[in-house]
Amino acid sequence: MTVLTPEVGERDHVQGPVDARVTLVEYGDFECPDCGRAYPVLKAVQKALGPNLRFVFRHFPLPASHPHAGAAAEAAEAAGAQGRFWEMHDRLYEHQAALEEDDLRRHARKVGLDLDRFEKEMGLHTHEGRVREDLASGAASHAQGTPTLFINGTRYDGARDRSSLVAALAQAAVAHPVP
C-alpha cells in the first residue's frame with residue numbers, strides 16, 4: 001500500500017471542508033493530456049459528493065514530457081499568492097494547449113491578477129520552491145506519473161471514470177467515517 005507523504009496540511013491547495021468524510025489528492029501536471037482528461041471527471045466527482053469531499057491539488061510537473069508544465073505550475077502558485085489559485089488551476093486545464101509565456105500572462109489577466117506582480121514573480125521564479133516541495137512529496141508518495149490520485153491517504157490505482165471514482169470515494173467514506 002502506498003501512502004501520501006506528507007499528509008494534507010495547511011500548505012496545500014484545498015477545496016471542500018476539513019471535516020469532509022473523504023479526501024482526494026491529485027498530483028497533476030497542467031500540460032499532461034491524461035490530467036486534462038481527468039479534470040472534468042474530477043470536477044464532476046466534486047459536484048456529486050459536495051461537502052463530503054475535500055479535494056487537494058499538488059503539482060507534479062513532468063518537464064521531460066511537458067516542457068511548459070513547470071512554468072504553468074509556477075503561474076498557478078503566483079495566482080495563489082493573490083488568492084486566485086483555483087481560478088488559475090481551472091483556466092490552465094481548460095486552456096491546456098495555451099501554456100506559453102504570453103498565454104500565461106493572458107490567463108493571469110483573465111483571472112484578475114495584478115499583472116505587474118505576476119510578471120515579477122514569474123521572472124524571479126518566486127514560487128519554484130513551492131512547486132519543488134510538491135514534486136518531492138510526490139516522489140516520497142511514489143507518484144509514478146500524472147495524474148496520481150490518493151483517497152484518504154492511500155494511492156488509488158483504479159479506473160478514473162466518474163462512476164468508478166465516486167464508488168471508490170463512497171467506499172472510503174463508509175470505511176473511515178468522520179467521528
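The values are calculated or read from the model by the stated rules, or taken from the named source; none is laboratory data. Note that the coordinates shown come from a computational prediction; the quantities given were computed from them, not determined experimentally. Note: ideal-geometry Cβ built from the backbone for every residue, glycine included; neighbour counts use all protein chains shown. Surface areas here come from the heavy atoms of the whole protein model, side chains and all, with no ligands, DNA or RNA. Shrake-Rupley method; radii C 1.70, N 1.55, O 1.52, S 1.80 Å.
Among Thr126, Thr148, Thr23, which one shows the highest mean-square fluctuation when the chain is modelled as a Gaussian network with alpha-carbon springs under 10 Å?
It is Thr126.
Straight-line reach from Lys43: which aspartates and glutamates have a Cα under 19 Å away, not including same-chain ones fewer than 8 places off?
Lys43 reaches Asp12, Glu26, Asp29, Glu31, Asp34, Glu87, Asp90, Glu94, Asp157, Asp161.
What net charge is computed for the residues neighbouring Tyr93, neighbours being all others with C-beta under 14 Å from the C-beta of Tyr93, Lys and Arg scored +1, Asp and Glu -1?
Every neighbour counted, the sum reads -4.
Using a 1.4 Å probe over the heavy atoms of the protein chains, calculate the carbon and sulfur portion of the accessible area of the range 57-179 as a whole percent.
51 percent
Do you know the relative contact order of the chain, to the nearest whole percent, from alpha carbon pairs under 8 angstrom that are 6+ apart?
So the answer I get is 36 percent.
Which lysines have a Cα lying under 22 Å from the Cα of Lys120, excluding residues fewer than 8 positions away in the same chain?
Lys110
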